[in-house]
């Protein structure tokens, strides 16, 4: 049996991969890249950057896993994932399948939005509760569970990282303002959740890039802001420490 290594690429482009990750990529027999869980700037140039042929996989191919496992049975295979590779349950399931077959697996961690958002805003990472993902509305259906998660975290004084939906194959990425408007729509229908237009929230754009952008304001104000190109995420703070409040004022423009 061969091996299957999951390499986290970091948050922005092909240059963010660690030296260890790059050495694993360059030594592998087969290198695969998935970009449906997140966006990698310059994904079409990774082969040139890394000096290695790279096969792009669709969501269906990753979830099926047969191409990856076939390559891993025959030699050394690498799956490159934006951010940290084990943040997605699909990748965990694929690793378990490989291990059950006797294929050696290993991980090369990468920078993740799970910690980067907190760092950019100056919030304490250990004060975050459950993470949630805000999905695009589908016709008349809109999942309200993200607002419920935010409410539960706020009751405990915890911050909430809100990831925003994307459809990489269609080039569609939810912006912070769009996500904020979705939250406001849920808040109007579910007043018992305690969210309103005056609720404090934070937006993070292009974490990991040379020019990230962060803003702290009310949901009403964030709904009107254009933070530029993707990727974006939101953070809804819980109880703020004095230092966190100062950080949001200095780093994210929170009015005094």
Selection from region 201-224 of residues touching a residue at least 40 places away in the same chain (Cβ under 8 Å), in contact with a helix residue (DSSP H, G or I) (Cβ under 8 Å, 6 or more places away or on another chain) and either farther than 13 Å from residue 179 by Cβ or assigned to a loop (DSSP other than H, G, I, E, B) (or both) yields 207, 208, 212, 214, 216, 223, 224
Per the filter on region 25-49, residues over 14 Å from the mean Cα position of the chain (by Cα), surrounded by 21 or more Cβ atoms within 10 Å (Cβ to Cβ) and more than 22 Å from residue 66 (Cβ to Cβ) are 46
inquiry  = Against the condition more than 16 Å from the chain's Cα centre (by Cα), surrounded by fewer than 16 Cβ atoms within 10 Å (Cβ to Cβ) and closer than 26 Å to residue 52 by Cβ, how does residue 74 come out, does it pass?
reply    = yes
For region 14-45, the count of residues that are in a helix (DSSP H, G or I) and in contact with a strand residue (DSSP E or B) (Cβ under 6 Å, 6 or more places away or on another chain) equals 5
Looking across region 180-191 at residues that are in a helix (DSSP H, G or I) and in contact (Cβ under 8 Å) with a residue 40 or more places away in the chain, the single one that is surrounded by the fewest Cβ atoms within 10 Å (Cβ to Cβ) is 189
Within region 56-69, the residues that are within 15 Å of residue 7 (Cα to Cα) and buried (at least 16 other Cβ atoms within 10 Å of the Cβ) are 57, 62, 68
Exactly one of 177, 196 is without any contact (Cβ under 8 Å) to a residue 24 or more places away in the chain, surrounded by fewer than 21 Cβ atoms within 10 Å (Cβ to Cβ) and in contact with a helix residue (DSSP H, G or I) (Cβ under 7 Å, 6 or more places away or on another chain), and that residue is 196
Picked from region 241-256 (must be free of Cβ contacts under 8 Å to residues at least 60 places away in the same chain and not in a helix (DSSP H, G or I)), the residue surrounded by the fewest Cβ atoms within 10 Å (Cβ to Cβ) is 256
In this structure, is residue 227 surrounded by fewer than 20 Cβ atoms within 10 Å (Cβ to Cβ), touching a residue at least 12 places away in the same chain (Cβ under 8 Å) and touching a helix residue (DSSP H, G or I) at 6+ places or on another chain (Cβ under 9 Å)? yes
Condition set at pLDDT below 95 and surrounded by 15 or more Cβ atoms within 10 Å (Cβ to Cβ), scope region 147-170, selection nearest to residue 181 (Cα to Cα): answer is 165
- Query: in the same structural domain as residue 215 (by TED's automatic domain parsing) and on the phi > 0 side of the Ramachandran plot: does that describe residue 122?
  - Reply: yes
Here the qualifying pairs (Cβ atoms under 6 Å; residues six or more apart or on different chains; first in region 47-66 and within 25 Å of residue 15 (Cα to Cα); second in a loop (DSSP other than H, G, I, E, B)) come out as 47/53; 47/54; 59/36
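The values are calculated or read from the model by the stated rules, or taken from the named source; none is laboratory data. Worth saying up front: this structure is predicted, and the values here are computed from it rather than measured. Please note: Cβ atoms are built from the backbone with ideal geometry, for glycine as well, and neighbour counts cover all protein chains shown.
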